[in-house]
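Note sheet for the following structure.
The values are calculated or read from the model by the stated rules, or taken from the named source; none is laboratory data. Being a predicted model, the structure only gives us computed values, none of them experimental. Cβ sites come from the backbone with ideal geometry, for glycine too, and all protein chains shown count toward neighbours.
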Amino acid sequence: MYSIKNILKSSLMAAAVIASGASMVSCDDMLDTKPQGTFTDEQIGDDEAVDIMTAAYATLLNHYFGNNESFAGPINNWVFDVRSDDALKGGDGITMEGYMHQLEIGNVQSDNDVCNFKWRNNYFSISRCNTAIRAISNSGTISEEQKKSMIAEMKTLRSYYYFDMYRIFEKFPYFDETVANPSGVRADQYTREQIMQFIKTDLADAYEVLPATQTEVARFNKYVAAALLARVALFDSDWATAETYAGYVIDSGQYSLYPNFLDMSKPDFNNQYESVLAVQFSSANSPDQYNFNNCLNCTWSEGNLYGNGDDFYLASQDLVNAFRTDENGLPYLDGANDGKNVDKADFEGNVDPRLDFTLGRIGMPWRSHEYNEHWCRNLELYGQYSGKKPYPAPESPYVKPGIVPWGASSLNMLLIRYADVMLMKAEALIEQNKDLEEARNLINLIRARAARSVDAAYTPVDCNPMVANYAVSQYPATGWTQAYARKAVRMERRLELAMEGHRWFDLVRWGDVCNHINHYYSVEVAVHPYYAGANLSEDEIYFPIPINQVDNAGDLYK
């Protein structure tokens, strides 16, 4: 049970541990240790300032508390996708990590572990950013120009975490590096509108200050700030801002779509093409640099190819059916009306090939292996659709089979990729009923990449055009109205970004999420009977403040 006071007390010590390269300690060990030998602001020199900035970046690994907190409060937010119509919790049964099952069926309570894990992870991370900003500001030898750039990096990172809080919690305390006593900040000190403006201002200021490129891989440049601001603006329905800043990223010429959809799952392409904001992972060094965020989600894998994964975060039948296409290769924007499920590899209708790059399907290849029922941990309860995107071929030299986390590799995690930015701008244009042709072109570029990804010579193999009927084509100009385009861009986000942790937040910002999800429950229950009685109400869209945080904060959070 850790309030902000506990978090602040331990943050410098935790930062020093990561910056020095020492092994991670458990959450309990770290927080039980008295903070002897920690730095005060006055003791931080130039080298320490850089080290603490590095430690702030290290929070993106999301694994400085313990394994469960990385699983259940992950940086890629897959646990929130199980609240959407895209994903199931998975695993061995509904009681396994049962607090995630509660989210899947619309039951949100203040003692849910995901609530507390997310709260703690984000506030430790925010505290490190504030500490780094103060350290950089107090440096006597770093140039003023360099200070501004480094501080802008930290404000961008801090904005990432505050926006995460904004999308998840109804109320939460906001404090920056100037607040002397964050432990005294009330959760209702600022309105949501005020906090949104703080985030936007920091990102807009950072864009003006940050360089276009950085010499060190993965340090934030101005286009990270721009892409994040575009995402923030979309959530706020600030279409003009989203258009502008997504446009900055596109017009930079620094990014492009992967040549093949499969490329996003190849460590060989880390920090290339679509990599706007990526978390750097490695399988070459200590386990602390493995991607624990997706540890639970690796397929069971017959033959122990990855090490037997826990097979969490599986796709719903509703998502799989969304990949159906008509005789023209276009998606059914209002759903197909024949009631058929894409439940077999030899489904007679057309499908978008991104289906088989995104999910395992019995009878189809998985990185050149045969995916069958033995890859599925609980086929009867959760079905067959394990997620593929975070996992390179098991034979890849970048994969460490049998080592926790299962499927551990050097594949970076893309928190913002270029296709997402393209769709952000397309959506912003459509919502303004402006330059609809440009929006159509952006969407069609993404669909064209999907079409050319069905390449028999490209390895490893994930599609089989001899079995599946792949058809994905571009939207024609005829009939491209604002109403039709809105449906198209929302569907494209679902297909292109499936199983990347975005769907729930898209549904929330588009509105009417409760009716949408409750309808999904009523349909999906035919395939997954445990949805019987599931219900999402308006007061469950956002998380409440975790009950143990309320208890520790006195009257500050009440």
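Details
- Residues in the range 143-196 that are out of contact with any Ser or Thr (no Cβ under 8 Å at 6 or more places or on another chain) and of a type in the set (Ser, Thr, Tyr): SER143, SER149, THR156, SER159, TYR160, TYR162, TYR166, TYR174, THR178, TYR190, THR191.
- Given (1) surrounded by 17 or more Cβ atoms within 10 Å (Cβ to Cβ); (2) under 20 Å from the mean Cα position of the chain (by Cα); (3) in a loop (DSSP other than H, G, I, E, B); (4) of a type outside the set (Ser, Thr, Tyr), index of the condition TRP300 fails: (2)
- Only one of the listed residues (ASP352, ASP346) is touching a residue at least 40 places away in the same chain (Cβ under 8 Å), buried (at least 22 other Cβ atoms within 10 Å of the Cβ) and among the charged types (D, E, K, R). That residue is ASP352.
- Every pair of residues 6+ apart whose Cβ atoms lie under 7 Å, when the first sits in the range 234-262 and is over 28 Å from LEU359 (Cβ atoms) while the second is of a type in the set (Gly, Ala, Ser) and surrounded by fewer than 19 Cβ atoms within 10 Å (Cβ to Cβ): SER252/ALA212
- All told, ALA428 meets the bar of being touching a residue at least 24 places away in the same chain (Cβ under 8 Å), buried (at least 24 other Cβ atoms within 10 Å of the Cβ) and of a type in the set (A, V, I, L, M).
- Selected residue (criterion: surrounded by the fewest Cβ atoms within 10 Å (Cβ to Cβ)) from residues of the range 439-478 that are small (Gly, Ala, Ser) and assigned to a loop (DSSP other than H, G, I, E, B): ALA457
- Considering (1) on the phi > 0 side of the Ramachandran plot; (2) crowded, with 24+ Cβ neighbours inside 10 Å; (3) over 23 Å from the mean Cα position of the chain (by Cα), the lone condition that GLY407 does not fulfil carries the number (3).
- Residue in the range 202-209 that is of a type in the set (Gly, Ala, Ser) and either assigned to a helix (DSSP H, G or I) or over 28 Å from GLU145 (Cβ atoms) (or both) present: yes
- GLY407 meets all of the listed conditions (1) touching a Cys at 6+ places or on another chain (Cβ under 9 Å); (2) within 23 Å of LEU495 (Cα to Cα) but one, namely (2).
- Total residues in the range 328-365 satisfying the condition of being among the hydroxyl-bearing types (Ser, Thr, Tyr) and within 30 Å of ALA393 (Cβ to Cβ): the figure is 1.
- Scanning the range 43-77 for residues that are closer than 30 Å to SER143 by Cα, aliphatic (A, V, I, L, M), surrounded by fewer than 23 Cβ atoms within 10 Å (Cβ to Cβ) and at pLDDT below 90 gives ILE44, VAL50, LEU61.
- Residue check, ALA206 closer than 25 Å to ILE136 by Cβ, aliphatic (A, V, I, L, M) and touching a strand residue (DSSP E or B) at 6+ places or on another chain (Cβ under 8 Å): no
- Taken over the range 509-550, the criterion of being of a type in the set (Val, Ile, Thr), in contact (Cβ under 8 Å) with a residue 40 or more places away in the chain and touching a Phe, Trp or Tyr at 6+ places or on another chain (Cβ under 8 Å) is satisfied by ILE545, VAL550.
- Check on VAL279, of a type in the set (Val, Ile, Thr) and out of contact with any Phe, Trp or Tyr (no Cβ under 9 Å at 6 or more places or on another chain): yes
- Residue in the range 365-385 that is over 21 Å from LEU234 (Cβ atoms), under 23 Å from the mean Cα position of the chain (by Cα), in a helix (DSSP H, G or I) and modelled with pLDDT of 95 or more present: yes
- Residues in the range 505-544 that are in contact with a strand residue (DSSP E or B) (Cβ under 8 Å, 6 or more places away or on another chain) and either assigned to a strand (DSSP E or B) or among the small types (Gly, Ala, Ser) (or both): PHE543 only.
- If you go through the range 523-536 and pick out every residue that is surrounded by 13 or more Cβ atoms within 10 Å (Cβ to Cβ) and over 27 Å from the mean Cα position of the chain (by Cα), you end up with 0.
- Residue within the range 369-376 that is out of contact with any His (no Cβ under 9 Å at 6 or more places or on another chain), without any contact (Cβ under 8 Å) to a residue 12 or more places away in the chain and farther than 25 Å from TYR258 by Cβ present: yes
- Index of the failed condition, ASN116 passing every other in (1) assigned to a helix (DSSP H, G or I); (2) under 30 Å from GLU380 (Cβ atoms): (2)
- Only one entry in SER125, SER137, SER143 is surrounded by 22 or more Cβ atoms within 10 Å (Cβ to Cβ), over 25 Å from ALA534 (Cα atoms) and small (Gly, Ala, Ser), namely SER125.
- Apart from one condition, THR244 fits all of (1) surrounded by 17 or more Cβ atoms within 10 Å (Cβ to Cβ); (2) touching a strand residue (DSSP E or B) at 6+ places or on another chain (Cβ under 8 Å); (3) farther than 20 Å from TYR162 by Cβ; (4) modelled with pLDDT of 95 or more; the exception is (2).
- Candidate set: the range 54-95, residues that are hydroxyl-bearing (Ser, Thr, Tyr) and part of a loop (DSSP other than H, G, I, E, B); chosen: the one farthest from ASN221 (Cα to Cα): THR95
- The range 415-438, residues that are of a type outside the set (D, E, K, R), under 22 Å from the mean Cα position of the chain (by Cα) and part of a helix (DSSP H, G or I): TYR418, ALA419, VAL421, MET422, LEU423, MET424, ALA426, ALA428
- The condition of being touching a Phe, Trp or Tyr at 6+ places or on another chain (Cβ under 8 Å) and either assigned to a helix (DSSP H, G or I) or not hydroxyl-bearing (Ser, Thr, Tyr) (or both) holds for only one of TYR223, TYR190, that being TYR223.
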